[in-house]
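Data first, discussion second: the structure below is written as structure tokens.
None of the figures in this text is laboratory data; all of them are computed from the coordinates on show. These figures come from a predicted structure and were not determined experimentally. Positions of Cβ are backbone-derived with ideal geometry, glycine not excepted, and every protein chain shown enters the neighbour counts.
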Amino acid sequence: MPGPGAGLIACVSIPGLELKAALRRSPSLALRPSALAPETGAEPLLGPVTAAAEAAGVRPGMRLGEALATCPGLVLIEPDPAAAELAWEEIVRSLEDAGFAIEPAAPGVAYFETRGVERLYGGLEPALRRALAAVGPAWDARIGAAGRRFAALAAASVAKPGQVLVVRDGELSRFLSPLPLTLLPLERQRYEELEALGVRRLGQLAALPGDAVAERLGPDGRRAWGLARGGAAARVRGRRPPAEVAESLEFTEAVGNELTLRRALGALVETVLARLARRDRFVRKVALAARLAWTGSVASEADDARPGGRASATPRGGGSWRRTLTLREPTADAGRIRVALGPKLAELPAPVVELRVELVELTEPSGQQLELVAAGAEDRIRLREGLRQVRASTGSGSVCTVVEVAPWSRIPEARALLVPRDD
């Protein structure tokens, strides 16, 4: 068990953040059977659902036709990814303002270490309560804390809204054992394969020999087996403050013509790069966002599932759209950024009433004179810059190093594990 000053890893979890953010436009729908509608062109599977919808038998991930047959009065909420990202950024900044060094993992999931804030707030429990207060009661957040990152996520997943759940190292195995396999990052096929073998709980998976799991399920199964046993110890790295450089253009009427949108995109890129806030920094990550026009009603495969065969009259449109892009090399060239973002316009699902370009991540303001032959410290500087570029593109934990755990094993996948790098 960690000592009094060792600290734990805490996980802040807000299930259904995308639905909660979209419902801010229509708060009354939060009390009705509602669900986040599938994105245009995607598989017709529901997103998060409200408590009323869950009570009516509707579950997240359910096919649209089945959901409407189960609950004919189900209201489909248009996804609003831009609003969800903005809301998540507000939550993270509120936590940072309260003194927590936050590492966002995904919208609605973030980690921080408690060691530095326990002393600030007079203990572990008061610190975690202060984090909940920083998030605010409207989001139904919950916090789990443990010595390992996955264990903290598992604790947050089973905690109730507004609850703080702390799992000490001595209680880790007993806590994880009865939890379902769905907490693990596995493909549906792997879940079905494990269930066919009678393995439905984390404890059952953890009790299996690691070599046998790796041989049957490969590297993903081996990693899941390690997580079921608590996961590897890993540091939490607080994020760098994001850049706040953006420009938007609002149209007098909805625009669906790609040529017009490309011209607007070019103008926005030129304008945002000229902002003083950018100074002499280069752009590493950029986002293109749009506010969509109202486009009518949902046309779903489930129209015939409603009583009388009538089609759904649930409104469709008026939401938002957003795509982020990590540039291959940081640049301040407007042409390169325009060319990189241009193909994203073809993905717009509806006419646009507002277009927005955001410089999400910028490099340091100081430039570097590269040597003809890089060596020593220059190599390390370039390597660190490359690692930051990869993390910006794929998220934290994507850069790993190989650690030998069983070099004597005859199974190649069992000889070593990929562990996220801290540097």
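Taking amide H positions as modeled 1.01 Å from N, with prolines and chain starts lacking one, no residue 5 or more places away or on another chain lies under 5 Å from Arg278. Here Lys160 is the anchor, and the lysines within straight C-alpha reach of less than 21 Å, apart from those fewer than 8 places off in the same chain, are Lys20. Take the alpha-carbon centre of region 33-63, take the same for region 344-363, and report the distance between them in whole Å. Value for the Cα centre distance between the two parts: 26 Å.
Using R0 = 22 Å, the C-beta based FRET efficiency linking Glu270 and Val339 works out to 0.95.
Both numbers refer to the Cα atoms of region 127-244; Rg and Dmax are 16.2, 51 Å. The length gained on full extension between Thr260 and Leu208, counted as 0.36 nm times the residue separation minus their Cα-Cα distance, comes to 12.8 nm.
Give, rounded to the nearest 20 debye, the magnitude of the charge dipole that region 156-211 has about its Cα centre when Lys and Arg contribute +1 at Cβ and Asp and Glu contribute -1 at Cβ.
My answer is approximately 280 debye.
For Ile411 and Leu387, a Förster radius of 30 Å and the Cβ-Cβ distance give a FRET efficiency of 0.55, rounded to the nearest 0.05. Taking amide H positions as modeled 1.01 Å from N, with prolines and chain starts lacking one, the residues under 5 Å from Leu362 and 5 or more places away or on another chain are Ala243, Arg284. A straight Cα-to-Cα reach below 17 Å connects Lys285 with the lysines Lys344, residues fewer than 8 places away in its own chain not being considered.
Here the extension length gained between Ala138 and Glu364 equals 77.7 nm, from 0.36 nm per residue of separation less the Cα-Cα distance. Applying 1/(1 + (r/R0)^6) with R0 = 25 Å to the Cβ-Cβ distance of Arg328 and Val403 gives a FRET efficiency near 0.30. Per-residue packing, averaged as other Cβ atoms within 10 Å, sorts the ranges 104-110, 284-290, 188-194 into the order 284-290, 104-110, 188-194, beginning with the highest.
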